[in-house]
């Protein structure tokens, strides 16, 4: 069975939907859809109708690319106001051999009764399991034991924060398979054996916020949100040059560098301001505007890291759309030690850090299903056969597989 999953990220700047499959240990992207977010300002829904329109747009776009209906998704929920606590549980194993159902049951028991009425469970992250004689393991599947215990990190958020996003999908008749934070997704997209054994930080520089998350041996232990992001750069450019925000965003994306060191003072561009007067913009000057704002954000990040943990940091990974800016690495080298790097997504079709949270959430969910010895797909076996082209002949541009290959040729 092909494990096909879809993940949706409703951000303040963009709504992103990725459909991917996990097969034979490989992660393959099947479709990527993105549109500007409507109806949200500073994590507050100001127009549910506009937000529904934006979400519906990416769903329809993905359905067109795949020629299949999208009715089930994983959902990225914001990290602000996330609270952490520790859960523990212990159960008896009836037949003496641990299976996936036992793992699901003990994880469920670890948070049973500890979620306040005003909070919603976001994630349960098993730290480790214990068998008889207190033997500690990460994956107890098929091991012999009469008991199974677990220690988990319980992540929860105010219901008011979570439900406002989930209600949008409910009105679109989209089933929510599971939810997870952007920070969790960011970790799983860059996860490897080395950082799984270390304490580190993942920084996501988004559109209107920057998320700072601490991970200890693969488990998120703390997270914080700074209400600054790339939109602040847009605002700075718009104010200084008296241009509208759309033009400011284009200048940031296509002309400014993240660091002015290698820019040219003679490289200029001419555009019209709000009063329709011509404005000459120097690349070095506009890059300094971007640089000072990014520097401010990262200096706030450094202070936040010191508040979130006192442990020695072995790695810092920076992700999010802003990290793709030209010469962004120069700022990282300037402000952080040598253990700070910019994340690199190597998956065909989504090689941009703005997709890190949504891609990682799919990888996280797949790992949880593997732990529980379960297979999951948003499509039935019959739908997967249709998607695979079992009933199609040839490879026309209108066929499912034809559309699939055309998509990758275009990306």
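In the set 224, 208, only one residue is crowded, with 17+ Cβ neighbours inside 10 Å, in the same structural domain as residue 287 (by TED's automatic domain parsing), touching a residue at least 12 places away in the same chain (Cβ under 8 Å) and in a strand (DSSP E or B); that residue is 224.
All of (1) touching a helix residue (DSSP H, G or I) at 6+ places or on another chain (Cβ under 9 Å); (2) surrounded by fewer than 17 Cβ atoms within 10 Å (Cβ to Cβ) hold for residue 255 with one exception: (2). Scanning segment 180-205 for residues that are in the same structural domain as residue 235 (by TED's automatic domain parsing) and assigned to a strand (DSSP E or B) turns up 199, 200, 201, 202, 203, 204, 205.
Scanning segment 1-24 for residues that are in a loop (DSSP other than H, G, I, E, B) and under 16 Å from residue 377 (Cβ atoms) gives 1, 2, 24. Taking each residue of segment 326-340 that is touching a residue at least 12 places away in the same chain (Cβ under 8 Å) and looking for partners that are assigned to a helix (DSSP H, G or I) and surrounded by 14 or more Cβ atoms within 10 Å (Cβ to Cβ) with beta-carbon atoms closer than 6 Å, six or more apart or interchain, yields 331/294; 335/298; 340/332. Inside segment 113-149, residues that are within 20 Å of residue 366 (Cβ to Cβ), in contact with a strand residue (DSSP E or B) (Cβ under 7 Å, 6 or more places away or on another chain), surrounded by 14 or more Cβ atoms within 10 Å (Cβ to Cβ) and touching a residue at least 40 places away in the same chain (Cβ under 8 Å) make up a count of 6.
The values are calculated or read from the model by the stated rules, or taken from the named source; none is laboratory data. Quick caveat, the model's predicted, so the values are computed rather than measured. Virtual Cβ from ideal backbone geometry, glycine too; neighbours counted across all protein chains shown.
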